[in-house]
1. Report the equivalent ellipsoid semi-axes for the stretch 67-165 in whole Å, largest first, defined as the square roots of five times the eigenvalues of the gyration tensor built from alpha carbon atoms.
2. Place the peptides 265-273, 157-165 in order of packing, highest mean first, counting for every residue the other Cβ atoms within 10 Å and averaging per peptide.
3. Between ASP26 and PHE67, what length comes free when the chain is fully extended (0.36 nm per residue of separation minus the Cα-Cα distance, one decimal in nm)?
4. For the pair SER323/VAL54, report the inter-label distance in nm, with labels modelled 7 Å from Cα in the Cβ direction.
5. What is the set of long-range amide H partners of VAL281 at a cut-off below 5 Å, with H atoms built 1.01 Å from backbone N?
6. Quick one: P(r) of the stretch 136-213 from all Cα-Cα pairs, 5 Å bins, percents rounded to integers, in order of increasing distance.
7. If you average 1/r over every pair of different alpha-carbon atoms in the chain and take one over that average, what Kirkwood value in Å do you get?
8. What's the magnitude of the charge dipole for the stretch 47-106 around its Cα centre, counting Lys and Arg as +1 and Asp and Glu as -1 at the beta-carbon? Answer in Debye, nearest 20.
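Every number in this text was worked out from the coordinates using simple rules, so none of it is lab data. Predicted, not measured: the structure shown is a model, and the values here were computed from it. All Cβ positions, glycine included, derive from the backbone under ideal geometry; neighbour counts span all protein chains shown.
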Amino acid sequence: MKILITGNLGYIGPVLTKHLKKRHPDYSITGIDSAFFAHCLTDAVYSPDIYTDVQYFKDVRNIEESFLKGFDAIIHLAAVSNDPMGNKFEQVTDEINHKASVDLAIKASAAGVKKFVFASSCSIYGFAEGGAKTEKDALNPLTAYAKSKVNTEIGLEKVSVQSDMVITALRFATACGMSDRIRLDLVLNDFIASALATGKITVLSDGSPWRPLIDVKDMSRAMEWALLRSRDAGKFLAINIGHNDFNYQVRDIAETVSSIIPGTEISINKNAPPDKRSYRVDFSLFNQLAPEYIPITNLVQSAKEIRDGLQHMQFNDANFRESQLIRLKVLEKHMATNKMNNNLEWVY
Ligand SMILES: NC(=O)c1ccc[n+]([C@@H]2O[C@H](COP(=O)([O-])OP(=O)(O)OC[C@H]3O[C@@H](n4cnc5c(N)ncnc54)[C@H](O)[C@@H]3O)[C@@H](O)[C@H]2O)c1
């Protein structure tokens, strides 16, 4: 199979390419990435990009249909990938995450690509009271990032009506876990970094908000499933990706980190206003359709792997929220040094 992975040089990409190449050595993998964070290697003792056969440093906003000819499948990761960046670059987030994604799918379909896998997000459920959200529940995107994912799903479903391509929107739980380009702007990763560097975890909320978590290795397994799935479950499918047992309250995440990094102090803000990003998600459909691909890495395992990875790189930066392990900070630095413009394009 000849696969194109967009956004392969970020946090999840290196874990995904390694997973696919190990499971399917015969797959040919091409990467396309603007390389916002390509230099932010962390625990790598060799380049994680050896699993990619061909690499293009290219913007997904400028892909021609002719470029897509010959690919069997596309896994589309490229995006402005979290709320802080989405808030700062609202219009560009819509351009890259939504418009360029739908445009890519239209061109891919015309070029004869058979499978299109889109990295969506459970954050589209927003603040969700009541029980765990299923795919049939209403969406409540609260941020530019979440809105861009909803709009892309809507656009992809429309593309699917006139296309033969099998399209899967994977609504991922919040990512966690070790990567050769680890990011510390994610709840579990942040707590571990903070525990290691300062001996403390400061929970900004009252600890009650729910977050479904998924390890990056399990995200990769889910993307493999989406590549291989038949059209039986629908030519277009939007599906929650995670595990019903892996919905956690933020205070439980903090306590787990404290249990694997003894001596960690936890401070909880008991008077905090309700956190707007609280949601539990129902992953039963994924369990039913893909029993062999449901997540297998639990919170303790992910936490230990991040701890070990950070310790291995002798991480002890108490100021890490200002560092190149935080995506927004990297973009701000590119701009401050005039390497990138407000449109998130490189200035040569
Ligand atoms: N991390 C999470 O919790 C999570 C959860 C759900 C879904 N997702 C989605 O998974 C995908 C990958 O996430 P990640 O954590 O690896 O993000 P990341 O920010 O680490 O990587 C995204 C990559 O996309 C590239 N990119 C951005 N704009 C581009 C453009 N215009 N052209 C080409 N490349 C571009 C960046 O250079 C970067 O390497 C994203 O779509 C994200 O929204 C992530």
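1. Values: eigenvalues 130, 55, 20 Å².
Equivalent ellipsoid of the stretch 67-165: 25, 17, 10 Å, largest first.
2. Numbers: 265-273: 11.6, 157-165: 15.6.
Result, highest mean first: 157-165, 265-273.
3. Values: separation 41, 0.36 × 41 = 14.76 nm, distance 2.13 nm.
Stretched out fully, the ASP26 to PHE67 stretch lengthens by 12.6 nm.
4. In this crude label model, SER323 to VAL54 measures out at 3.7 nm.
5. The answer is LYS133.
6. 3, 11, 14, 19, 16, 13, 10, 7, 4, 2, 1, 0
7. Numbers: mean 1/r = 0.0490 Å⁻¹.
Hydrodynamic radius (Kirkwood, Cα only) of the chain equals 20.4 Å.
8. Values: 5 positive and 11 negative charges, 11 e Å.
Value, rounded to 20: 60 debye.
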